[in-house]
Amino acid sequence: MLRDDEVKGFFMANGSRPGAVRKLKKGPSKGTGGLGRKALEGKGPTPKADERPYHKAYKSKELSERSAAKRGTGGQRPGSRSGPKGRATEELVTGRNSVVEALRAGIPAKTLYVAVRIDVDDRVRESMKLATERGIPLMEMHKPELDRLTEDAVHQGLVLQIPPYDYEDAVDTAQETIVKWKKGYIPNAPLFVALDGITDPRNLGAIIRSVSAFSGHAVIVPERRSVGMTASAWKTSAGAAVRVPVVRAPNLNRALTAFKDMGIFVLGLDGDGDVSLPDLALATDPICIVVGSEGKGLSRLVRENCDQIVSIPIDSAMESLNASMAVGISLYEISKRRAASN
């Protein structure tokens, strides 16, 4: 055991004494040198739910994006159609009746989506049979995915994806038709129908049927503010759209001017016409018939670009004819004139 003088000597040697309290110097003490600064700063604001991989909203967002990518619409609503300027490029036919009718009509299709554990009835069975016979891929999807794909449309477990229509250029088509006619590959003079301001796809489908029935060569639609080849147009055409091409004109008036330069006569249909249809003398020549909407008729510029305005004699109590009906009557009269001249 140490004596008191030995204990005192020990503390003196180690720079302290018994009972003393060591005082700390004021001022900064030794730290990390800033290495722990990030740990003290925090992680910033909490990310949104759909940005957190572990969150349910993130998975829903991923599924939605995948569905949009498969559909190829870029987020556009189903059932819409459009061209290269940001409009939708594909269409979805939803519902058991609509899908089976579309497949019966031979509408081109890309994929048939079928709900997992679907309650199979005759329509589902026939749809799957028709799709298999035509080589259309069948893809099973869970109902939530189908709901997102169709943007909550009533699909009843069946969705048919329609690919975008492949439009040819109107002027190029007219040139090719003229060349074939002059070489004798086509017996009748070129016959086209152009639509001015028509937006009802059923009108387009009915016009395609008439053009096919009376040996027409193409239907021309403007690129903007016009109907296009939707599933409804395909269905109304009753298969005629396979035989008659629908071609597109970026600018209808320029296309009509180009037609006139090729020797194609442009005839506008209007109730207040210069020539009555039975008196039409140009029936055997290359013709492009232009029809406007039932309400507005031909636009001013299109009317000015026509070589003749042709009217169909009707009862005075009837103000106007439906566009597809007017085209059908005109094509019949032209076909009758051409047959008589041969």
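Values quoted throughout were computed directly from the atomic coordinates according to the rules given, and no laboratory measurement underlies them. Because the structure is a prediction, the values reported are computed rather than measured. Glycine gets a Cβ as well: all are built from the backbone with ideal geometry, and neighbour counts include every protein chain shown.
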Exercise. Ranked highest first by average number of other Cβ atoms within 10 Å, how do 158-166, 200-208, 184-192 line up?
Worked result: 200-208, 158-166, 184-192
Seminar exercise, completed: Expressed in nanometres to one decimal, the distance between label points 7 Å along Cα→Cβ at H142 and K336 is 6.4
For this session: Tabulate in residue order the Karplus-calculated ³J(HN,Hα) for the range 263-271, using 6.51 cos²θ - 1.76 cosθ + 1.60 with θ = phi - 60°, rounded to whole Hz; enter x for Gly and Pro.
Result: x, 8, 7, 9, 10, x, 8, 7, x
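Quick check: from the Cα gyration tensor, does the range 168-341 come out rounded (a/c under 1.5), prolate or oblate?
On the way: a/c = 1.25, a/b = 1.07, b/c = 1.17.
It is rounded, given that a/c, with a ≥ b ≥ c, falls under 1.5.
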Exercise. What is the Å³ per residue value for the convex hull set by the Cα atoms of the range 228-275?
Worked result: 141
For this session: With θ set to phi - 60°, apply the Karplus curve 6.51 cos²θ - 1.76 cosθ + 1.60 along the range 92-97 and write out the HN-Hα couplings as whole Hz, x wherever there is a Gly or Pro.
Result: 10, 9, 10, x, 5, 5
Exercise. If you take the square roots of the eigenvalues of the alpha-carbon gyration tensor of the range 80-236 and sort them as a ≥ b ≥ c, do you get rounded (a/c under 1.5), prolate (a/b over b/c) or oblate?
Worked result: prolate
